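Report on one structure; see the data block that follows.
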Amino acid sequence: MHKRFEDFITAMTRLVNDGPRDEPRILEEGTRLLGDLVRHDDWLEDRHAVPHPQFYQQYKLYCAPDDSFSVVSFVWGPGQKTPIHDHTVWGLIGMLRNAEVAQSFERDENTGTLTATQQARLEPGDVEAVSPTVGDIHQVVNAFDDRVSISIHVYGADIGKVRRHVFDPASGAAKEFVSGYAN
Ligand code: FE
C-alpha cells in the first residue's frame, strides 16, 4: 500500500470511529481528506486502474474490518456511464484522473417520478458528496469519449454488499441491486 493511501486510511478510520458517527462531520472532514488524496495521482496501483471494454469497473481498495467504511476505485472506459442509482449510505466521490459528469435527480416517493436537478463536472482534486440526507440519486458518466477516467469513492458501509436501487429513467420504477466488486 502506498504511504499516501495508507495515511488516508488511518485518517478516515480515526474520523469514522472517534466521536459520534454524525454525517455532517464525516462529510465535511472526509471531503478535506479525500481532496488531499486525489490531488495527487501517484499512489493508485495499476491493477486497480484497469478499464473493461464494456463496463465501468469498481475495484475494492479497502474495507474497514467492521464494514464502517469502504474505498473503491471507479474506472471509466471511454463514454461509459452508470444507470440512475442510489447508495442508501453516505458517500464521497473524489476525481483522480481526467473527468466525470454527475447528474443528480430528485424522486417523488409516491409516484416514483424522477426530476433532474444539478449537474456537476468533476475535475482532478474535486470531491462531491451523496447520501439520503444531502441527495442520493444520480447518474454518472465519463466526461470523455476517448480516454479513461478514474474517481475514488468512499462509502459509509461495505458498498459492494449494500442492497440499493437502480431506477428506470422513464417511469422512475426502482429495482434492487448489489454492485459487488470487480476484484
Ligand atoms: Fe453513485
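Quick note: the coordinates plus some simple rules give every number you see, no bench work behind them. Source: prediction; values computed, not measured. Methodologically, a virtual Cβ is constructed for each residue, glycine included, from the backbone with ideal geometry; neighbour enumeration extends over all protein chains shown.
Side notes on the structure shown:
- Complete set of residues in the range 100-115 that are hydroxyl-bearing (Ser, Thr, Tyr) and touching an Asp or Glu at 6+ places or on another chain (Cβ under 7 Å): Thr115
- Search result, residues across the range 82-118 that are in a strand (DSSP E or B), within 11 Å of the ligand (Cβ to nearest atom), within 21 Å of Ala173 (Cα to Cα) and in contact (Cβ under 8 Å) with a residue 60 or more places away in the chain: Ile84, His85
- Residue list for the range 119-134, restricted to those being within 15 Å of the ligand (Cβ to nearest atom) and among the small types (Gly, Ala, Ser): Ala120, Ala129, Ser131
- Residue check for Ser171: away from the ligand (no atom under 15 Å from the Cβ) and of a type in the set (Gly, Ala, Ser): yes
- Residues in the range 69-81 that are closer than 15 Å to Phe8 by Cα and either out of contact with any Lys or Arg (no Cβ under 7 Å at 6 or more places or on another chain) or within 12 Å of the ligand (Cβ to nearest atom) (or both): Phe69, Val71, Val72, Ser73.
- Of the criteria (1) within 16 Å of the ligand (Cβ to nearest atom); (2) farther than 26 Å from Pro169 by Cα, which one Pro24 fails: (1)
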